1. Which aspartates and glutamates does A:Lys67 reach when only Cα atoms under 19 Å apart count, and residues fewer than 8 places away in its own chain are ignored?
2. A:Asp140 versus B:Lys281, label points 7 Å from Cα toward the beta carbon: distance in nm?
3. Under the 0.36 nm per residue contour assumption, what length would be gained going from the current alpha-carbon distance of B:Asn124 and B:Lys140 to full extension?
4. Whole-Å semi-axes of chain B's equivalent ellipsoid, largest first, each the root of 5 times a Cα gyration tensor eigenvalue?
5. In units of 2.2 N^0.38 Å, what is the alpha-carbon radius of gyration of segment B:251-403?
6. In nm, give the distance between the simple-model label positions of B:Lys150 and A:Arg280, each being 7 Å from the Cα along the Cα-to-Cβ direction.
7. Excluding residues on the same chain fewer than 8 positions from B:Lys200, give the lysines whose Cα lies under 25 Å from its Cα.
8. Provide A:Asp123, A:Asp357 in ascending order of the number of other Cβ atoms located within 10 Å of each residue's Cβ, fewest first.
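Every number here is computed from the coordinates shown, using simple stated rules; none is lab data. Note that the structure is predicted; figures quoted are calculated from it, not measured. Glycine gets a Cβ as well: all are built from the backbone with ideal geometry, and neighbour counts include every protein chain shown.
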Amino acid sequence: MSGRGPADKSSFGPARIVLEASAGHPGVKRCTRRRTCVDLTLFQRGLGSGPGQIPADPGEKGSCLLKRYLWRRLGHSILVILGVSAVVFFVIHLTGDPAALLLPMDASPEEVARFREAMGFNDPLYRQYWYFLKKALRGDFGLSLRHQQPSLAMVVERMPATLELTLAALLVALLVAIPLGVASASRRYSLLDNVASVLGLLGQSMPVYWQGIMLILIFSVSLRWLPASGRGGFDHLILPAITLGTYSAATVMRLLRSGLLEILKQDYVRTARSKGLNERVVIYKHALRNALLPVLTVVGLQFGSLLGGAVITETVFAWPGVGRLIFQAINNRDFPLVQAAVFILALIIVTVNFLTDILYTYLDPRVRYS
Amino acid sequence: MVLVLALLVVALAGCGGGSGEKKESGTPAKSGPSGQVVVAQGVDATTMDPAMHAETPTGNIQRNIFDPLIQRNREMKLEPGLALSWKTLDDRTWEIVLRQGVKFHDGTPFTAKDVKFTLERIINPDQKSPRRSNLEAIEKVEIVDDYKVKITTKAPYPILPARLADELIVPADYVKKVGDAEFAKKPIGTGPYKFVKWVKDDQVVLEANTEYWRGAPAIKTVIFRPIPETSTRIAELQTGAVDIIVNVPPDQVQTLESGANTRVSTAPSARVIFIGFVTNKGGPLANPKVRQAINYAVDVDSIIKNILKGNGYRVASPLTTAHFGYDPTVKPYPYDPAKAKALLKEAGYPDGLELTMDSPNGRYLMDKEIAEAVVGQLAQVGIKVKLNVLEWGVYVKKIMAKELTGMYLLGWGNTTFDADGTLYPLLRSGQRFSYYENPKLDKLLDEARSIIDEKKRLADYQEAVKIINQDAAWLFLHQQRDIYGVSKRLDWEARPDELLWMYEAKLK
């Protein structure tokens with residue numbers, strides 16, 4: 001869904017209207033499968049409703065559109081997950097041979113052949129994919145080749161750790177970005193603003209790997225303030241969360257800053273100021289709420305990249321999460337495990353994006369579903 | 001929004017496991033084991049079932065929970081473990097006398113039926129054990145009485161004791177009772193440490209078995225933590241949170257040696273690094289003179305000194321001094337670029353030639369760097385080498401599919417410490433990793449693996465090694481030196497077989 005601004009008429013455009021009169025009630029709208037939802041009273045009044053003209057009884061049409069939108073998004077999401085899983089399946093099967101990686105180096109050729117046969121690797125690829133899909137739809141992603149345990153269970157087992165890290169990183173990002181973004185927008189060109197801009201640039205350019213190790217060297221080895229790795233209490237969470245959250249913090253801060261600067265130039269802000277409102281109220285009560293909307297979208301999207309970036313952070317900090325698991329699984333060509341992990345991650349990302357979109361349209365009344 | 005996030009984080013952190021346990025200081029052992037030691041490897045165990053993996057890090061953890069029949073001492077010589085003695089009754093039959101009075105951690109006694117169960121379980125195709133090929137030579141295992149077992153092999157198999165040294169004995173009754181899946185999560189063995197808990201990818205906690213048949217271990221709690229990133233492992237050692245770390249790169253040795261709480265322990269590895277030649281697809285590498293020229297053209301000592309900072313031992317053949325079959329009279333090729341050029345001229349390449357080389361990246365210590373150095377040195381005698389650096393999974397696939405042409409960098413570690421485990425798969429015609437065909441060598445290798453007479457075997461292998469060296473089947477590089485980081489409060493030294501057997505360790 002693209003965020004639509006005001007005055008986008010295309011959803012009301014004549015090309016897409018289909019008349020569907022219900023017996024005896026010419027003004028009633030109907031949501032059918034193949035037609036767009038439309039308010040027929042609008043049609044009666046004449047086409048080409050201009051911007052700002054609110055159609056009669058928007059609630060009913062709204063919920064009709066919403067239902068349609070939800071179904072379409074659901075369909076898209078399923079397609080995305082299927083597509084991702086198919087691509088990963090074929091790519092990983094074509095790039096390596098787990099038999100070579102999992103058996104001892106001096107296993108005999110017969111042993112390797114026996115292993116491949118037992119795992120079904122001698123079937124043509126499309127047939128292997130078909131078996132995989134059949135079992136996956138029942139929730140069975142097979143046993144991990146290396147660990148000999150159910151793959152899906154292994155991924156789910158490590159999910160809380162990754163989620164903990166990702167959410168903590170997001171928290172860190174927001175705690176840093178929002179105050180800093182607001183402060184630098186409201187004090188443009190000040191020292192604070194310049195420093196914040198530089199920090200923002202640094203945050204987006206620093207490689208996660210380097211940053212993680214530097215933090216360990218400073219705070220664990222030199223200062224002995226925090227543990228260097230592993231998962232435990234809050235003190236174990238601090239360094240990894242900072243490492244993972246830095247990029248998001250920088251992104252959100254810069255977005256917020258530029259959004260706020262834009263908004264602070266708007267007419268309604270000028271009106272609020274001329275009403276005599278204190279600047280603080282202007283910013284926090286009026287400007288910030290609007291500036292936060294694109295931030296919300298970005299945060300939702302960032303969640304996906306945080307889950308991906310967790311791979312490096314988890315490896316550096318020996319954090320027992322899914323990122324680390326999937327990295328090792330790929331190196332070992334542990335097909336069932338890779339598939340299960342990709343599926344779960346895709347599911348989470350698609351769901352979060354979906355929820356973000358819904359939330360956004362709920363919060364911004366100007367936006368309509370397409 | 002921020003509040004919601006914060007609440008979620010708190011909730012999840014509550015479910016977190018803990019490497020946050022406080023470390024006890026090592027109190028002097030008055031009675032019974034005391035103290036805690038943490039060991040950091042690069043990866044976690046995959047299972048607690050000795051039959052269902054073929055990996056060193058997993059084996060290292062299990063080795064503390066279980067015992068093998070035969071074990072190696074620090075000089076890599078075989079000595080009694082759960083077996084008191086072993087001898088051959090004839091060419092294909094071995095009799096093994098078992099130790100009495102040993103108990104598993106649940107109190108049940110160790111007897112011959114556990115040995116039969118363990119070995120047959122690994123050999124059973126339905127078990128799908130990745131270690132199956134280690135025991136393929138065994139035809140049957142028979143119980144003579146409670147403490148005596150007879151093993152019959154399909155053909156004379158001189159390295160059976162070496163193979164048995166790698167297999168850990170599991171309790172037949174317990175495994176049958178709880179099933180494989182449960183056993184893989186909650187193991188019971190005869191070893192010096194009992195399993196306490198396993199938090200996946202975080203830690204394995206073991207506790208001293210005070211009833212251990214050799215006597216209680218000195219250290220009470222042993223924790224294995226998987227820390228994939230080298231720098232993080234080193235940092236943990238420096239903060240004192242971890243006591244032993246594996247795979248320290250040569251450039252960190254100085255830092256650890258000069259640290260207040262840290263030191264370094266090294267051991268000659270069983271692994272040899274070499275550059276193989278594809279000799280059976282024609283081209284320049286099929287000509288022994290070209291291969292010898294390459295050996296003369298590379299300054300291996302300089303590579304060991306500068307790239308590995310001295311952490312390697314020069315080899316003249318695929319074997320190390322610890323391997324049975326080693327021939328001390330075979331010397332490495334001296335560095336002689338002039339001789340290399342002369343040999344190339346004799347072979348018909350006065351103006352040099354072009355070759356390709358494949359190398360992995362990060363699989364072995366400094367593998368890519370060594371390959372690059374070799375390319376540079378060969379260029380100086382007129383051999384232009386195109387280097388392909390490949391990801392390990394892709395590289396192995398290429399090797400096994402026999403798709404290599406030209407030169408290839410590889411490492412080979414053989415924990416049977418017997419020439420057969422190295423020479424046969426790597427150099428006998430038709431074998432999985434072999435790109436070399438020499439009928440004389442084949443005859444020697446086939447004979448040596450099928451007779452029991454040690455003297456004759458040694459003679460065969462020494463002759464084989466001479467052939468391999470003189471025919472320059474490989475570009476011989478070095479034997480690796482494993483570098484471990486150790487806390488100064490721990491009395492422990494590294495072993496050539498990479499085992500982390502905590503029974504040998506003591507807190508100072």
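1. Those aspartates and glutamates meeting the cut-off are A:Glu20, A:Asp39, A:Asp57, A:Asp357, A:Asp364.
2. 4.1
3. Working: separation 16, 0.36 × 16 = 5.76 nm, distance 1.12 nm.
Contour length minus Cα-Cα distance gives 4.6 nm.
4. For chain B, the semi-axes come out at 41, 31, 20 Å.
5. Numbers: Rg = 17.4 Å, N = 153, 2.2 N^0.38 = 14.9 Å.
That works out to 1.17 for segment B:251-403.
6. 9.5
7. Leaving aside lysines fewer than 8 places away in the same chain, those within reach of B:Lys200 are B:Lys22, B:Lys23, B:Lys128, B:Lys176, B:Lys177, B:Lys185, B:Lys186, B:Lys220.
8. Values: A:Asp123 13, A:Asp357 19.
Arranged by neighbour count, lowest to highest, A:Asp123, A:Asp357 become A:Asp123, A:Asp357.
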